[in-house]
1. For the subset of region 87-118 comprising residues that are more than 18 Å from ARG133 (Cβ to Cβ) and among the β-branched types (Val, Ile, Thr), which member is surrounded by the fewest Cβ atoms within 10 Å (Cβ to Cβ)?
2. For region 112-123, which residues satisfy the criterion of being within 15 Å of TYR88 (Cβ to Cβ) and either in contact (Cβ under 8 Å) with a residue 60 or more places away in the chain or among the aliphatic types (A, V, I, L, M) (or both)?
3. Pull up region 86-103, narrow it to residues that are in contact with a Ser or Thr (Cβ under 7 Å, 6 or more places away or on another chain) and outside any strand (DSSP E or B), then point me to the one that is farthest from ILE184 (Cα to Cα).
4. Kindly indicate the residue of region 1-51 that is in contact with a Ser or Thr (Cβ under 9 Å, 6 or more places away or on another chain) and not aliphatic (A, V, I, L, M) and also modelled with the lowest pLDDT among those meeting that condition.
5. Looking only at region 168-196, count how many residues are surrounded by fewer than 13 Cβ atoms within 10 Å (Cβ to Cβ), assigned to a loop (DSSP other than H, G, I, E, B) and either within 19 Å of the chain's Cα centre (by Cα) or small (Gly, Ala, Ser) (or both).
6. Among the candidates VAL102, VAL106, single out the residue that is more than 17 Å from CYS204 (Cβ to Cβ), at pLDDT 90 or above and among the β-branched types (Val, Ile, Thr).
7. Can you tell me how many residues in region 110-129 are modelled with pLDDT of 90 or more and of a type in the set (A, V, I, L, M)?
8. If you check ASP82 against the conditions, is it of a type in the set (D, E, K, R), exposed (fewer than 13 other Cβ atoms within 10 Å of the Cβ) and in the same structural domain as GLN122 (by TED's automatic domain parsing)?
Amino acid sequence: MNRAVCIVLLFLMPVLSMKANDDEPLDIGSRRELFVDGHLIESQQRAWRQLHHPTPRNIAIVHDAPWEGAGSGYHSVIQDGDLYRLYYRGSKLGVENGQLKVGPEVYCYAESRDGVTFTKPQLGLHEHSSSKRNNIIWTGVGSHNFAPFLDTRGGCPAESRFKALGGSAAEGGLFALHSADGDIRVELQDADGKPLPGFTLEQCAPIFGDTLDRTVTWKGGSGVGELVGKPVRLRFVLRDADLYSLKFEETDR
């Protein structure tokens, strides 16, 4: 490792001989600087800047839901601990009778543990086509250019850690929004406390927001009907959230 670092430094030394006002070196502190032009370079010998093309890799997420489509965009990734949160606009885009047709714009949420492959939990917050089985988090003002960020300042209230800006002139201007980051996840375990396949914490769709009636779901559509008659333990993980009651009921959702 040390040998590799030395090689890189020796290579960059002739390039980083940068000065301001012909005599004084340009102080860049600890900032990361990109050599997009010659501003930081005093002279070059047997070295040049080269723009490398990106290499396609795996597909991180597919916008194939009815509320998504070619109009999806404004992807913002926020690292929150060991979880990568992805926020993006969902919208269909097409041509009809020679005219560009843009579908309703909503804002959606996906998440990932490795930052490579993202899943879309069924959040149950907003209705689309008579169903709340979707990952829509926002349908109000600013859905076109909703721009979220995580406020990491010390003393920031828990209910306002997540903030966003959004809005247009037609909507009345730019609006500021805030939200808590709390959620609830449920894991089903066998009698010995071992997670049941298909019902682990990682597979549970997080429950956000304030509500009196939310159905717990797991990725892959696993239903608890297959567990009827078997001893089951429930594990609840609450992150900045409160749980007041629960019940089991038959449902076709």
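The values are calculated or read from the model by the stated rules, or taken from the named source; none is laboratory data. Bear in mind the structure is a predicted one, so any value in this text is a computation, not a measurement. Cβ placement follows ideal geometry from the backbone for every residue including glycine, while neighbour counts extend to all protein chains displayed.
1. VAL95
2. Result: THR119, PRO121, LEU123.
3. Filtering region 86-103 for residues that are in contact with a Ser or Thr (Cβ under 7 Å, 6 or more places away or on another chain) and outside any strand (DSSP E or B), the one farthest from ILE184 (Cα to Cα) comes out as GLY103.
4. Only one residue fits best here, namely PRO14.
5. 4
6. Just a single option satisfies the conditions, and that option is VAL106.
7. 2
8. yes
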